[in-house]
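Before any comments, here is the structure.
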Amino acid sequence: MPAPSSLPFETRVWPVKKLKDFYARSIEQPEEFWAEQAHKLEWSRTWDRVLDWDPPFARWFVGGKLNASYLCVDRHAKTWRRSKVAIYFEGEAGDSRVLSYSTLHREVNRFASVLLNLGVKKGDSVALYLPMIPELPVFMLACARIGAVHTVIFSGFSAQALADRVGDVGARFLVTADGAFRRGKVIPLKATADEATALSPLIEKIIVVTRTGMPVNMTTGRDLRLDDLLANALDHVEPVPVEADHPLYVLYTSGTTGKPKGVVHSTGGYMVHNYAAYQWVFNIREESVYWCTADAGWVTGHSCIVYAPLAHGAAIVLYEGAPDFPAVDRWWDIIEKYGVTILYTSPTAIKMLMGHGEQWLARHDLSSIELLGSVGEPINPEAWQWFYKYVGGERCTIVDTWWQTETGAIMISPAPGIECVPMKPGSATLPLPGVDAAVVDEAGRPAPPGQRGYLVLRKPWPGMLLGLYGDPQRYQAAYWSRFPGAYNTGDYAIQDSDGYFWMLGRADEVLKVSGHRLSTAEIEAAVATHPRVAEAAVVSREHSTKGESIVVFAVLRDSAIPSDRLKGEIADHLRKAIGPIASPDEVDFVTRLPRTRSGKVLRRVLKAVANDTPLGDLSTLEDEASVEDLTRSYRQLKQERAKA
């Protein structure tokens, strides 16, 4: 990654005074500050204490009671917003549905009645294994309405992954669909759920939503069609006031290393923090049409598709399909169709669409867009500038956000809802109010400006996780043992002389070449600065003398022609950007990178290909053809080398 001071748009102006003063008060008087934010929501009972802090466990708004479903639905349905659009749903095949807040209110109540009729009680866990259709947020809100704890399990997970999560959280109730549409194919979700139930027989009831109409196996006494259950559902279920620290949901991390961690989020602190952060970051207005492209199976979907936007009474777009199917301009078509004003997506999606070229955007009117957002991983400056120039027309603020499943809410980001700060392409800018972030060295001391270190959070915040489900010791060890008294995010970062934060990816995503530790994110960002590269992924290969060597997988821009000469140019470019230690042993061209359906690159698959080892579980892949293309081209490359 280039040094922060060398980037365009760079400025030496400290943020405007309003944001600086607002932030200072939030750090110096956190309990008074967060109490002010909490009063913006409606409570059944006001809290006795803002915070009980018994490190590393925090309980916010102790004694207070509220209901997340009421905050997201009822309070809007009682006002003029009852006729306002809550959800624009766009199916992959072009089918669409529109739910007003009054319609959403009715559906949430009826779905809550279905759960109650099946015996679901406050505190019970309900597993949701659904595609991106309106029934998913409706069931989330229905669970919250009756005090049940939902566990959304990404619909791309395998039967074993589903069984592991259901078993860990102890869910007796599972909601799934007959199938899902993805890239023109029908994904048999019910069949996967049946397989998972055989692996984890805890499930007593399976509710089946009809989405595709495909025939499915229905086990008598266990499996129930949602349409049949709705016939006996009530139109109103009183929302249950729950304690502020009552779990709203358990969400499992990806589990790429070891057993998946069940992150538990509260109701009170989580809703307060997300309501505030969403306004600060997105500057949401009544006329805004907001589209977060994430899947609700991830925390971005929980916070930035369901709970924060709907608590604000926003109109959201919910899209079922892939970003480039059936054509690579599908997203631009949706933006034009619904007049999207705020687009919040991932750097991987931006880089993928960037690789297709700007001509696809030129076919659509994107003038409705007012604000752009990035989430999920560090965005390299080149992708940032492409996003700014071609999608935002050089007129839109970009909110490059940093947060985690564990933090619950956005933590570091520009805050145009308070005041705009000068943008630096590739920087998440500054911590939001109430967030005490720092970059520290190996010993936990503040790292000097420009020096890479570990990103830590030094004070509790309302959106923070309550802990890990059933495993307080692991919570302590995973997040609080490395730097006593501070939450270890596990990410590398740099803080520049203006206080801006530059994220460098996971601290455990590093290569060790000849004794030198190199961040994969830093190398990938450097490769992407080459004018003919759209995006890149970097992995390691075992090396007899270096320990590990660097393998670069590069996706070229449409106009670039693959050649050995270009490979050499990219290798030279990398050496100049980072140094001789970053010399790659191999540069390979691929047409696409293997991604999960949430848009993240599956580097473990690339590493397996580079090291000629088993690929492992591919159930979360967006498109298995990407791996087939990758392995085919890699086999061909090996054959050519063998002949040479």
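The values are calculated or read from the model by the stated rules, or taken from the named source; none is laboratory data. Just so you know, these numbers come straight off a predicted model, no measurement behind them. Because the Cβ atoms are built from the backbone with ideal geometry, glycine has one as well, and the counts that use them run over all protein chains shown.
Taking the criterion of being of a type in the set (A, V, I, L, M, F, W, C) and surrounded by fewer than 20 Cβ atoms within 10 Å (Cβ to Cβ), the residues of the range 323-351 that qualify are Phe325, Ala327, Val328. Starting from the range 566-589, keep only residues that are more than 15 Å from Arg532 (Cβ to Cβ), then list their pairs with residues that are of a type in the set (S, T, N, Q) and surrounded by fewer than 17 Cβ atoms within 10 Å (Cβ to Cβ) whose Cβ atoms are within a distance under 8 Å, requiring at least 6 positions of separation or different chains. Partner pairs satisfying both residue conditions: Arg575/Ser583; Ile581/Ser514. Of all residues in the range 400-455, how many are hydrophobic (A, V, I, L, M, F, W, C), more than 26 Å from Pro309 (Cβ to Cβ) and in contact with a strand residue (DSSP E or B) (Cβ under 7 Å, 6 or more places away or on another chain)? Total meeting the criteria: 5.
Scanning the range 515-531 for any residue that is without any contact (Cβ under 8 Å) to a residue 40 or more places away in the chain, in the same structural domain as Leu606 (by TED's automatic domain parsing), closer than 30 Å to Thr591 by Cβ and β-branched (Val, Ile, Thr) turns up nothing. Restricting attention to the range 543-569, the residues that are in contact with a strand residue (DSSP E or B) (Cβ under 7 Å, 6 or more places away or on another chain), among the β-branched types (Val, Ile, Thr) and closer than 22 Å to Glu358 by Cβ total 1.
Please find, within the range 367-385, the residue that is surrounded by the fewest Cβ atoms within 10 Å (Cβ to Cβ) out of those that are more than 21 Å from Trp280 (Cα to Cα) and in contact with a strand residue (DSSP E or B) (Cβ under 9 Å, 6 or more places away or on another chain). Please lay out each step first, then the result.
Filtering the range 367-385 for residues more than 21 Å from Trp280 (Cα to Cα) gives 367, 380-383, 385.
Now drop any that are not in contact with a strand residue (DSSP E or B) (Cβ under 9 Å, 6 or more places away or on another chain), which leaves 380, 382-383.
Numbers: Asn380: 26, Glu382: 21, Ala383: 25.
The qualifying residue surrounded by the fewest Cβ atoms within 10 Å (Cβ to Cβ) is Glu382.
The residues in the range 137-170 that are small (Gly, Ala, Ser), under 18 Å from Arg222 (Cβ atoms) and surrounded by 24 or more Cβ atoms within 10 Å (Cβ to Cβ) can be counted, and the count is 0.
Residues in the range 375-394: is at least one over 27 Å from Trp332 (Cα atoms) and hydrophobic (A, V, I, L, M, F, W, C)? So far as the range 375-394 goes, no, none of its residues is over 27 Å from Trp332 (Cα atoms) and hydrophobic (A, V, I, L, M, F, W, C).
Within the range 325-384, which residues are part of a helix (DSSP H, G or I), among the acidic types (Asp, Glu) and modelled with pLDDT of 95 or more?
Taking the range 325-384 and keeping what is part of a helix (DSSP H, G or I), we get 330-338, 347-356, 358-363, 381-384.
Restricting the remaining residues to those that are among the acidic types (Asp, Glu) gives 333, 336, 358, 382.
Matches in the range 325-384: Asp333, Glu336.
Please work out if Gly301 is of a type in the set (Gly, Ala, Ser), closer than 30 Å to Thr79 by Cα and assigned to a loop (DSSP other than H, G, I, E, B). So Gly301 fails the test.
Among residues that are touching a strand residue (DSSP E or B) at 6+ places or on another chain (Cβ under 8 Å), in contact (Cβ under 8 Å) with a residue 40 or more places away in the chain, surrounded by fewer than 15 Cβ atoms within 10 Å (Cβ to Cβ) and more than 20 Å from Val242 (Cβ to Cβ), Ala86 is not included. Exactly one residue out of Gly184, Gly156, Gly179, Gly170 is under 19 Å from Ser266 (Cα atoms) and assigned by TED's automatic domain parsing to the domain that holds Asp235, and it is Gly170. Within the range 386-410, the set of residues being surrounded by fewer than 22 Cβ atoms within 10 Å (Cβ to Cβ) and small (Gly, Ala, Ser) comprises Gly392, Gly393. Against the definition (in contact (Cβ under 8 Å) with a residue 12 or more places away in the chain and farther than 26 Å from Tyr129 by Cα), how does Val306 come out, yes or no? So Val306 does not fit the description; no.
The set of residues from the range 479-532 being assigned to a loop (DSSP other than H, G, I, E, B), among the charged types (D, E, K, R), more than 30 Å from Asp558 (Cβ to Cβ) and under 21 Å from the mean Cα position of the chain (by Cα) comprises just one member, Asp508.
From the set of residues in the range 201-244 that are assigned to a strand (DSSP E or B) and of a type in the set (Lys, Arg), which is surrounded by the most Cβ atoms within 10 Å (Cβ to Cβ)?
Restricting attention to the range 201-244, the residues satisfying the condition of being assigned to a strand (DSSP E or B) are 205-209, 223-225, 242-243.
Narrowing the set further to residues that are of a type in the set (Lys, Arg) leaves 205, 225.
Working: Lys205: 18, Arg225: 15.
Residue satisfying both the conditions and the ranking: Lys205.
Condition check ((1) among the aromatic types (Phe, Trp, Tyr); (2) under 25 Å from Thr192 (Cβ atoms)) across all residues:
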site	(1), (2)
Ala86	no, no
Tyr101	yes, no
Val120	no, yes
Leu130	no, yes
Val152	no, yes
